[in-house]
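First up is the structure itself, then whatever we jot down about it.
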Amino acid sequence: MKKLLLLVMAVALIAACGPSAEEKRLMAENDSLKNVGNNNQAAINDFMKAFNEIEDNLKTIKEKEQIIRVETAEQGLETSAKDRINEDILSLYKQMVDNKKALNNLTSKLKKSNVEIAQFKKLISNLETQLDERNNEILELRDKLENMNYDIANLNKEIQNLNADLDEAASDAAKKGELIEKQTESLNTAYYVVGTQKSLQEKGILSKSGLFSGSAKLTADFDKTHFTKVDITQLNNVDLGFKKVKFITTHPASSYELVGTAPIEKISIKNAKEFWSLSKVLVVIAD
């Protein structure tokens, strides 16, 4: 009975202690990786929704173009019918302008999401080709009306206004694109430093309180000029050449491997996005 009581007390004590520091770190690491995956999936879903809307719109435009072609083939149309055809062509052109704006927004969103999927870029390229084809067909219809002595002065004026509006939107999209590229560059920028604990403390990267206690902590205001600045999409390895290394910053264990023993030659980064998901700074104590 006494042994049973001691066992129950021991189990209760272990449960009361809660998860260890390592368990907490792994839990936080797992949550962060889930968030990265969820954010990417949300961006992909938004992209596909917008893509499908534009593609459906282009199909509708194509169908309306065919109807207008049939109508313009008829001889001796009354003025009211000619005016309606003018309005229909203008309506198609307005839809084209809206589609081009939507495509610009779609491209910007894809850049902003930082999701690098070649297939998406191919889909956007295909949409751009379709937009150009529909645009040329609409302008051909306009020219056909002019050859048939239709009064298209107002139609031309409206198309010019729409083109000016589109140019302005394209200019805004270009500015946003430049901003997104800068933001993407910032997102893809990371820093790393490798050194002995003493040298890192002397540079103000690690707190000096850990010099004798055995613990090492990153200072809040370290100077990044002591670090190597890298593009995480280009960095595959971090050279080491030391017998022992210790990571001060947190990086998922599944995202990298240490190559070599005595000395450890390098850190091989297997998944850059995962490796830098918890910290854009890598600090390694080497001995």
Fully extended, how many nm does the chain gain between residue 161 and residue 147 (0.36 nm per residue separation, minus their Cα-Cα distance)?
2.8 nm
Each label sits 7 Å from Cα toward the beta-carbon; between residue 62 and residue 87 the label points are separated, in nm, by 2.7
Taking the simple approach of a point 7 Å from Cα along Cα-to-Cβ for both residue 268 and residue 199, what is their distance in nm?
2.5
For a footprinting-style exposure proxy, rank 199, 186 by other Cβ within 10 Å, fewest first.
186, 199
Express in nm, to one decimal, how much length is gained between residue 182 and residue 239 on full extension, taking 0.36 nm for each residue of separation and deducting their alpha carbon distance.
17.7 nm
Going by how many other beta carbons lie within 10 Å of each one, how would you line up 230, 283, fewest first?
230, 283
Principal axis extents for region 189-286, Cα atoms only, whole Å, descending order, please.
34, 30, 20
Spelling out what I want: for every residue of region 268-281, take phi, set θ = phi - 60°, compute 6.51 cos²θ - 1.76 cosθ + 1.60 (Karplus), and round to whole Hz; glycine and proline get x.
9, 8, 8, 9, 4, 4, 5, 4, 9, 5, 9, 7, 8, 10
Sort 91, 255 by Cβ crowding within 10 Å, fewest neighbours at the top.
91, 255
Rounded to the nearest 0.05, FRET efficiency between residue 218 and residue 45 (Cβ-Cβ, R0 45 Å) equals 0.80
Out of residues 5 or more away from residue 206 or on other chains, whose amide H comes under 5 Å of its own, with H placed 1.01 Å from N in the peptide plane?
201, 219
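Since every read-out is calculated from the coordinates, none of them should be taken as a lab result. Note that the structure is predicted; figures quoted are calculated from it, not measured. Note that we place each Cβ from the backbone using ideal geometry, even for glycine, and neighbour counts take in every protein chain shown.
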